[in-house]
Structures are given as structure tokens and as C-alpha cells.
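Below is one structure, written out as C-alpha cells; the observations come after it.
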Amino acid sequence: MKKQILLWLGLACALALPALAPPALAPPALAQTPPATRGVAPSPSVTPDMPAAPPGAAVIPPPVPPVPTRPPPPPPPLQVSTDAPGITEPLGTGLRVTFGQGRGDLNPTTERSIRALVHSAPADARFTLLATAAGKADDASASRRLSLTRGLTVRGVLINEGVAAGRIILRSLAAPPPAGDITDRVDIEVSPTPAKPIR
């Protein structure tokens, strides 16, 4: 009987020992790292440089006006004398102005006639001046200078009335006076400006 009781006690102790044993410790968990991306370098954080003050408004300089390299010459002084001989007469669409022998000045009447011709001509008209002077065959230079003086005098009146110098053509001639012809003169021919060709 005692043996059976001891056997039951030993069996009960054997069954109770595992329940009294301390629980086994679990191994520490390893820290998980995110998988690295292959071939891609991490982008560094870049902070843009901010200006201390906002930029000012752009200043655009005004355009520089073109400066002419050579100013236009002033109109020549008019040679008008109250005692200067000479008359004017129509010549086609222009005018013939006569001068006294050996003189190159105008009188007030001939000057007014030239001014009136300018105002009656078209705005884009071209003026051709043919100036002549009586002279000797063996001294053509003196008469040529006189005819040039007369042509410049008439040209000065045209310029003072607003005719552009580029629309005035001056030709001075010197030759012995033909019989019955007036050589001390300036013939003014008025013609329209030719149109520019279309390209």
C-alpha cells in the first residue's frame, strides 16, 4: 500500500515539474532595414539660395536718334538787287530768266517769278537749270564762271522755297552768242520725278 502511494506521489511530482519550469526566452528580434534601391543614389536635400531683396525693374534706355555725319549746307545767300536788269518769260512748263550783261544777280520781279513757279509746280517736280553767259571764244572760262554764278543764284531761290537740292540739276554753259539769241539767261525746265522701277 505504501509503495502505491509513493508511486502516485512520484508520478504527480513528475507531471508538476514542467509546469513549474520558467518559460523559455524568445530570441531578440532583429531590426528590419528597408531594402536598398539598387543603382539609385539618394538625392541630397538642396535649399535654393533666396536673394535678400527682389530684383528691381529692368531699365530700358531710350533709343539714340541718328546723328548725321555731315549737316546739310545752308542755302546760299540770295543775290537780289533793285537795279539789276532782267525779265522773265514763260518757257513751256518752266521759265526763262534773263540777266544783265556781265551780271549774275536778280531783281525783285524776277525773284518773285521764280518763287511763283515753285509754288505752281508739282510737289515732287524736278528742276533743270540751264545757265548760259555771253563770252569770247578764246576765253570760255570767264563766261563759264558767270553762267555758274547765275545758275547758283536761281538755285538758291528754289532751295529757299523748299525744293530739295537732290531735285535740282544745274548745267552751266559758255559759248559765243549766236545771232539773234539771248545768251545771258537761265532756263528753268520743270519735269515730274520719274517713278522708281518695281523690283
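We did not get these values from a lab; they are worked out from the coordinates using the rules stated. All of these numbers come straight from a predicted model, not from anything done at the bench. For neighbour counting, all protein chains shown are included, and Cβ atoms are generated from backbone atoms with ideal geometry for every residue, glycine included.
Close amide H pairs (under 5 Å, H built 1.01 Å from N) link Gly94 with Val190, residues at least 5 positions away or on another chain. In percent, rounded to a whole number, the relative contact order of the range 88-192 is 43, using alpha-carbon pairs under 8 Å and six or more apart.
Report note on the peptides 127-135, 95-103: ranked by the mean count of other C-beta atoms within 10 Å, highest first, their order is 127-135, 95-103. Which FRET efficiency value, to the nearest 0.05, do you get for Ala142 and His119 by plugging their Cβ-Cβ distance into 1/(1 + (r/R0)^6) with R0 = 41 Å? Between Ala142 and His119 the formula returns 0.70. Summarising the label geometry, the points placed 7 Å from Cα in the beta-carbon direction at Ala53 and Glu89 lie 8.4 nm from one another. 3J(HN,Hα) along the range 109-125, derived from phi through the Karplus expression 6.51 cos²θ - 1.76 cosθ + 1.60 where θ = phi - 60°, amounts to 5, 5, 5, 5, 5, 5, 4, 5, 5, 5, 6, 8, 7, x, 5, 9, 6 Hz, with x in place of Gly and Pro. Annotation for Leu173 and Val80: the two label points, set 7 Å from Cα along the Cα-Cβ direction, are 2.9 nm apart.
Checking the a/c ratio against 1.5 first, then a/b against b/c, what shape does the Cα gyration tensor give for the range 88-192? The shape class here is prolate. With the highest mean first, a sort of the peptides 108-120, 139-151, 159-171 on other beta-carbon atoms found within 10 angstrom per residue produces 139-151, 108-120, 159-171. Annotation: amide H of Val80 within the under-5 Å range of Leu106, sequence separation 5 or more or interchain, hydrogens built in the peptide plane.
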